[in-house]
Amino acid sequence: MNNTDVNFDVETIEGDNFITLAASGNYSLAKAINLCMLSIDTCLSYNKKKILVNINKVTGNVPFFDRFQFAEALAQYKAKHALSKVSKIALVGMEPLIDKNRFGETVAVNRGVNIKVFTDLNAALTWINEE
């Protein structure tokens, strides 16, 4: 398997108060988990506390159990590498990639991650900019 099989194409944009990672490509669980690790690592390397992950250009379907596995991986990676350093994560995308019931968000929040999932970019920007 080559490197492109496990990574989305990602554009990183540094803002005043947060870092944005805009991903594109076809969905896979491996890519999603790598994106969560990359987002935290990038946030730390830019010395930011907030992350906006934009997956509006990611295509494909997310199996239900992948939502749980992704949320678990995110919570574990954040706890191990950035417990208090990353204060907020906003994830924005479109349904059906984003679950209308926000199951993955609930799993991550229950494991201590301050994450909110959006289908509206402006709402995500408003939330990520709040103190």
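The values are calculated or read from the model by the stated rules, or taken from the named source; none is laboratory data. Computed from a predicted structure; not experimentally measured. Here the Cβ positions follow ideal geometry from the backbone for every residue, glycine too, while neighbour counts run over all protein chains shown.
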*Residues being among the basic types (K, R), more than 13 Å from the chain's Cα centre (by Cα) and within 18 Å of T119 (Cα to Cα): count how many of those fall in the stretch 31-72.*
1
*Any residue in the stretch 101-122 that is crowded, with 16+ Cβ neighbours inside 10 Å and touching a Gly at 6+ places or on another chain (Cβ under 6 Å)?*
no
*Subset of the stretch 1-26 that is among the hydroxyl-bearing types (S, T, Y) and at pLDDT 95 or above - its residue that is nearest to G60 (Cα to Cα)*: S24
*Restricting attention to the stretch 29-59, report how many residues are buried (at least 16 other Cβ atoms within 10 Å of the Cβ), under 12 Å from T12 (Cα atoms) and not β-branched (V, I, T).*
6
*In the stretch 113-125, how many residues are more than 17 Å from S39 (Cα to Cα) and not hydrophobic (A, V, I, L, M, F, W, C)?*
3
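Name the helices (runs of 4 or more DSSP H) wholly inside the stretch 60-131 in which the number of residues that are small (G, A, S) and closer than 19 Å to C43 by Cα is 2 or more. Reasoning before the result, please.
Numbers: elements: 64-81, 103-110, 121-129.
Ranges flagged: 64-81.
Conditions tested, residue by residue: (1) touching a Leu at 6+ places or on another chain (Cβ under 7 Å); (2) free of Cβ contacts under 8 Å to residues at least 60 places away in the same chain; (3) hydroxyl-bearing (S, T, Y); (4) loosely packed, with under 14 Cβ neighbours inside 10 Å.
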{"site": "N61", "(1), (2), (3), (4)": "no, yes, no, yes"}
{"site": "A73", "(1), (2), (3), (4)": "no, yes, no, no"}
{"site": "K88", "(1), (2), (3), (4)": "no, no, no, no"}
{"site": "D99", "(1), (2), (3), (4)": "no, yes, no, no"}
*Tell me which of these D16 doesn't satisfy, since it passes every other one: (1) touching a residue at least 40 places away in the same chain (Cβ under 8 Å); (2) out of contact with any helix residue (DSSP H, G or I) (no Cβ under 8 Å at 6 or more places or on another chain); (3) surrounded by fewer than 18 Cβ atoms within 10 Å (Cβ to Cβ).*
(1)
